[in-house]
């Protein structure tokens, strides 16, 4: 057996040759060898008793996994519109010039790869990039040159961090330049809680009483869909099965959101407390924190917090001294796939598969992770759970608005003076938030990220709550200097890149919408394009299999409904005999070159 | 298990056996719901979305949605037909489909659906993707230009042939059918007799040396539109 095969087999065996741990296996192989090569596919397949193409299918799905060797250092520039607005284009050009390569390429010495990646959760400190696991923020062209020089000198991205961020960003296990930018604290999430305080109160009650409290508090999921948490837990508790799971969705991928990153950095204890309470309530002994690959730099700190909690008797067996109560948490690292924020895709990924969503029914509460009843909840939701158990459901239900009790974290970025994280009671008018963040001359606000909706000033009086302007927390501000059609094109590019490709409408429809928007941006829009786009958008929304495709047309629909003049300004009635989409000069270019003379009829 | 569940499709009362999907129950009742990825011998997949119906007002794929008592299902409505037409057109422009010289012409489910829906030309621009042809295998051809990513071969090879020859790699618009070998189908244990080859609804997986065997006029969909076999089961035709 070659040394290579031996090492790969050792990695597989460290995960008990369990094919459902494929994500961990292929990530470990890549960390060791720089890629998951064809040879590695064969060894892994044989070790975990599956086929080569199944392993390849998983590897090929995730953008952070690769079959071909990349540079030892991979620079991933954030391609989000917010980063672009903050000046990413010149930064990208500076990286290209300094490295002597184009985006998507690797330096000839195999040292450095340069590529784009979607929102990395740093919109409040844009432009930002990931260099291997190291986050670099507030980039400029000068900084780009310094970064390349330092990487060439030391080959170590960690050396790029000179000044540490605030709070736990400066923790020895993190050592990151990231800033929390917490601008407004509230009583529910961004507040201290002595570890174990809420858990002990929960354990003094029966599991059914805990669920009753969550229902009394009328807690709804903070991920954006707003499903009642107590009901989800009740379904999971009542579902048949000895083995049940609690999964925390920390795959914070919606462009413009970063509030979970702050919770994970500063309030991980609160989150894990909530997960343990959930485990007790639904009868689960095992929990998984699905951490997006972009936040890998937080993993050592999170593992540390888990260990401290185990040592304190807050995780593990006989939790808080209560006999028979058992719960522990493992971290599953993602690898660059927005769709894995969809709960069934997230489960597929935890099972070591492509991040394809699953058919529903059955719902995860019935058949989730490994076919067992599973409750998947958002990071912020678990924090609310811990607070509700500590302060009581009545206290919680008094905060916020009638249909949306409690507070909500908002990740605010874009054209405003004070981007960062804000905790408000639900029901705050958008106008109040815009005033507090110092947003002036506002043309549009993207509420809930690209999968949410884009609204204009006529909607600023509306309230941020489930029954009005619902959002998972992403708020991106665009001032009047921004080109909204361009922004929509960028968001569509994002969905095209992140579609899993399972179903027809999302895989093809998003490409077709992007094509049309690009035509319009290029000045070839026709009056009929609005109806064309509306029809496509409605089809994708209506027939797509999961939340990604069901919401990906929202930027287009928002533009058409809320900013009709932005599109119409780009569209002109057909001039002459051709449709605007048809450019006779372009159509003839090849022929003219071949025959070596301009067209006689359509001469320029 | 003799108990049945009653529900309606477009107002027609349907009896379903427990565990049946809407599509299976509709098939038994002689009501045709158009589909491409669904196949009677394969586990439901829900990829093409052509079978999208409304269940109590909400969109659902009929092939994956279990039938339940009292469901009100809409199938043949102008809204749904329009969505299906768009989906079929999307599949045409996504690949490179040249019916006029395709060996599968006349027996192709995608082509037959287009005829049933009266599609003469898609309203979307052709994407003209660059896709591989794999002619390495002595008896089976893969022409990915015609693949609609329905996963029938993936499921058949895994569940019926017990070979696991096919799976998808990549994601989104770059997702493609791949094989359990380094580069070529010849490197797998695929065989022409595999169910995986037979269930392909289009001309992506073809048995070699059998092209154009049936003369025009006697091919599967030459005389009667796709779905008419199911519709002929209906006891009292009303349309």
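Hey, what D do you get for segment A:410-453 in µm²/s if you plug the Kirkwood alpha-carbon radius into Stokes-Einstein at 37 °C and 0.692 mPa s?
Calculated translational D: 299 µm²/s.
Relative to the longest principal axis of the C-alpha atoms of chain B, give the angle of the C-alpha long axis of helix B:78-94, reported between 0 and 90° and rounded to the nearest 10°.
Taking the Cα atoms of chain B, the angle to B:78-94 is about 0 degrees.
Between residue A:42 and residue B:224, what is the spin-label point distance in nm, taking each point 7 Å from the Cα along the Cα→C-beta axis?
Using points 7 Å along Cα→Cβ, the separation is 5.1 nm.
Per-residue mean of other chain beta-carbon atoms within 10 angstrom of the beta-carbon, peptide A:346-357?
If you average over the peptide's residues, the count of other-chain Cβ atoms is 1.
Given a 10 angstrom Cα cut-off, can you work out which residue in B:60, B:210, B:111 is the most mobile in a GNM of chain B?
Most flexible of the set in this elastic network: B:210.
Work out how much length residue A:173 to residue A:323 would gain on full extension: take 0.36 nm times their residue separation and subtract the Cα-Cα distance, in nm to one decimal.
Working it through step by step, the gained length comes to 50.7 nm.
Quick one: what Rg and Dmax do you get for segment A:264-336 from the alpha carbons, in Å?
12.3, 40
At a Förster distance of 30 Å, what's the computed FRET efficiency of residue A:577 paired with residue B:101, Cβ-Cβ distance as r, to 0.05?
Computed FRET efficiency for residue A:577 and residue B:101: 0.35.
Quick one: of the DSSP bridges fully inside chain A, what percent are antiparallel, nearest 5?
45
Largest first and to the nearest Å, give the Cα extent of segment A:442-501 along each principal axis.
Projected onto its principal axes, the Cα set of segment A:442-501 covers 37, 29, 13 Å.
Report, for segment A:73-162, the % of DSSP beta bridges that are antiparallel, rounded to 5.
55
If only Cα atoms are counted, what is the Rg of segment A:1-84, and what is its Dmax, in Å?
Answer for segment A:1-84, Rg first and Dmax second: 14.1, 50 Å.
State, as an integer percentage, the relative contact order of segment B:31-136 based on alpha-carbon contacts under 8 Å between residues 6 or more apart.
For segment B:31-136, the relative contact order is 22 percent.
Set the Förster distance to 56 Å, then compute FRET efficiency between residue A:225 and residue A:599 from the Cβ-Cβ distance, nearest 0.05.
So the FRET efficiency works out to roughly 0.50.
In whole Å, what is the distance between the alpha-carbon centres of segment A:85-120 and segment B:78-100?
Between the Cα centres of segment A:85-120 and segment B:78-100 lies a distance of 39 Å.
At 222 nm, what helix-only mean residue ellipticity would chain A give, in deg cm²/dmol to the nearest 500, using -39500 (n - 2.57) for each DSSP H run of four or more?
Taken over chain A, the calculation gives -12000 deg cm²/dmol.
For segment A:484-568, with equal point scatterers placed on the C-alpha atoms only and solvent neglected, what are the log10 I(q)/I(0) values from the Debye formula at q = 0.23, 0.24, 0.25 1/Å, to two decimals?
-1.06, -1.15, -1.24
I need the shape label for segment A:124-177. Rule: rounded when a/c is under 1.5, else prolate if a/b > b/c, else oblate, with a, b, c from the alpha carbon gyration tensor.
Since a/c reaches 1.5 but b/c is at least a/b, the shape of segment A:124-177 is classed as oblate.
How large is the Rg to Rh ratio of segment A:155-225 when both quantities use alpha carbon positions and Rh follows Kirkwood?
So for segment A:155-225, dividing Rg by the Kirkwood Rh gives 1.16.
Assuming 1.002 mPa s and 20 °C, estimate D for chain A with Stokes-Einstein, Rh taken as the Kirkwood radius over Cα pairs, in µm²/s.
84
Could I have the simple spin-label model distance between residue B:233 and residue A:93, label points 7 Å from Cα toward Cβ, reported in nm to one decimal?
Here the modelled spin labels are 6.4 nm apart.
Across all directions of projection, what mean area in square nanometres is found for the Cα convex hull of segment B:128-192?
Mean shadow area of the hull around the Cα atoms is 4.4 nm².
Give the share of C-alpha pairs in each 10 angstrom bin for chain B, from 0 to the last occupied bin, in whole percents, shortest bins first.
Taking all Cα pairs of chain B, the binned fractions are 7, 29, 35, 21, 7, 0 percent.
Average projected area of the Cα convex hull of segment A:100-204, in nm²?
Convex hull of Cα atoms, orientation-averaged projection: 9.6 nm².
Could you list log10 I(q)/I(0) for segment B:8-76 at q = 0.11, 0.13, 0.19 Å⁻¹, which the Debye formula gives when each Cα is one point scatterer?
Cα-only, vacuum Debye calculation for segment B:8-76: -0.20, -0.29, -0.63.
Which value results for Rg/Rh of segment B:85-207 when Rg is the Cα radius of gyration and Rh the Kirkwood radius based on the inverse mean 1/r?
0.96
Using 1/(1 + (r/R0)^6) with R0 = 30 angstrom and r between the beta carbons of residue A:435 and residue A:166, what's the FRET efficiency to the nearest 0.05?
For residue A:435 and residue A:166, the calculated efficiency is 0.75.
What percent antiparallel are the DSSP beta bridges of chain B, to the nearest 5?
The antiparallel proportion sits near 90 percent.
Using the 2.2 N^0.38 Å rule of thumb for compact globular proteins, work out how segment A:183-398 stacks up: its C-alpha Rg over that value, please.
0.93
At 0.692 mPa s and 37 °C, plugging the Kirkwood radius over alpha-carbon pairs of segment A:73-162 into Stokes-Einstein gives what diffusion coefficient in µm²/s?
In µm²/s, the coefficient rounds to 260.
Read-outs: derived from the displayed coordinates by stated rules, not from any lab. All values reported here derive from a predicted model rather than from experimental measurement. Cβ sites come from the backbone with ideal geometry, for glycine too, and all protein chains shown count toward neighbours.
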